[in-house]
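Step one of this worksheet: look at the structure below.
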Amino acid sequence: DRRGGFRRGFGGRGRRRGRRGRRRGEEKQAWVPVTKLGRLVQAGKIRSLEEIYMFSLPIKEHQIVEQFLPGLKDEVMKIMPVQKQTRAGQRTRFKAFVCVGDGDSHVGLGVKCAKEVATAIRGAIIAAKLAVIPVRKGYWGSRYGPPHTVPFKVTGKCGSVRVRLIPAPRGTGIVAANASKKILQFAGFDDVYTSSSGKTRTLGNFVKATYQACLKTYSYLTPDLWQDTSDRVGMMPYQEFSDELAKPREKPVDKVEPAVPMGMQQQQMQPPQQMQPPLQPQAPAEAQPVAQPLGAPMQQQPQAFTPMMQQ
């Protein structure tokens, strides 16, 4: 039986697990850039990552890398629990190491720690895309065909781990451990010798050292890069496309009407009534004093006699 012969087979259950499609609420939303570099990329003013690397512009949005490298692949290198001692006990979180690359001279490494494994992996993928670097390839011996190996010996280090990449002839393959071999494959190398020392069992430092070694392939200028290319370097993108950046952002804003209380809604639904002015009470008519000539004696008003009550 393909599934095994005992208790309906436990052997094939793990292969069918996994998420099928996107969950509800995880649909891909439209990208609204928040940085100047992202606005230029979305407008089509910058056409490749090399233009960004030439001016050493920091990348703060992972959608920029996704737009230039649509075929980027990722793989989880390791997930490890980490703990912190608190008054209430230990607080456990998960640390994820993720490597991304397109197999064509671009590789990135990201590390993220979170309370849940899925959140850590998602954050590590974003961190790896923000850390994508260009990798330089070269030859061993004669220069025929496409570049296939590292151009020279490079060394990367992290903690006590030292990783050295050595050029190898065609057909050698990648002679490395599983962790560093995956990073070198994502970088696009075909033939490389490696030499490592230190505590390589610490996989986090091991992959970081390999990543640093790939980063150093562009740090050393070989004689074929001694030519002066300053005349071919134009203006900085922020200066060249300053008019594009000066335009106001077109961001749709939904108008939100203020909430109306229930009592006010009922009053609005009733037809308006004509308001009548209130009736004012009329004061009793008083006797108008008669005008007297000047110098005439004042006449006193007669007072009514009220008899006193007998005891």
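The values are calculated or read from the model by the stated rules, or taken from the named source; none is laboratory data. Remember, predicted model here, so these are calculated numbers, not experimental data. All Cβ positions, glycine included, derive from the backbone under ideal geometry; neighbour counts span all protein chains shown. Please note that ligands, DNA and RNA were not included when accessible areas were found on the heavy atoms of the full protein model with its side chains. Shrake-Rupley method; radii C 1.70, N 1.55, O 1.52, S 1.80 Å.
For region 199-239, what does the alpha-carbon gyration tensor say about shape, rounded, prolate or oblate, given a ≥ b ≥ c as the root eigenvalues, a/c under 1.5 as rounded, and a/b over b/c as prolate? Oblate is the answer for region 199-239, as a/c is 1.5 or above yet b/c matches or exceeds a/b. Rounded to the nearest 0.05, the FRET efficiency derived from the C-beta distance between residue 144 and residue 87 at R0 = 45 Å is 0.10. Taking 0.36 nm per residue of separation and subtracting the Cα-Cα distance, full extension of the segment from residue 60 to residue 177 would add 38.9 nm. Simple spin-label estimate for residue 42 and residue 67 gives 0.8 nm between the two label positions (7 Å along the Cα-to-Cβ direction from each Cα).
For region 48-158, rounded, prolate or oblate, judged on the Cα gyration tensor with a ≥ b ≥ c (square roots of eigenvalues), a/c < 1.5 rounded, else prolate if a/b > b/c? Verdict is prolate for region 48-158. Both numbers refer to the Cα atoms of region 161-230; Rg and Dmax are 13.7, 45 Å. Protein heavy-atom surface of region 40-109, 1.4 angstrom probe: 46% of the accessible area is carbon and sulfur, with nucleic acids and ligands not counted. Any of 60/208; 45/129; 95/181; 95/157; 73/182 with alpha carbons more than 23 Å apart? Name them for me. In this structure, not one pair exceeds 23 Å between Cα atoms.
Rounded to the nearest 0.05, what FRET efficiency do residue 28 and residue 238 give with R0 = 30 Å and r taken as the Cβ-Cβ distance? Could you check? The value I calculate is 0.55. If the chain linking residue 245 and residue 80 were pulled fully straight, counting 0.36 nm for each residue of separation and taking away their Cα-Cα distance, it would gain 55.1 nm. Per residue, region 17-163 exposes 61 Å² of solvent-accessible protein surface, assessed with a 1.4 angstrom probe and all protein chains in place. For region 43-93, just say rounded, prolate or oblate: build the C-alpha gyration tensor, square-root its eigenvalues into a ≥ b ≥ c, call rounded for a/c under 1.5, and beyond that prolate if a/b exceeds b/c, oblate if not. Because a/c hits 1.5 or more and a/b exceeds b/c, region 43-93 counts as prolate.
Residue separation of residue 155 and residue 118 scaled by 0.36 nm, minus their Cα-Cα distance, works out to 10.0 nm of gained length.
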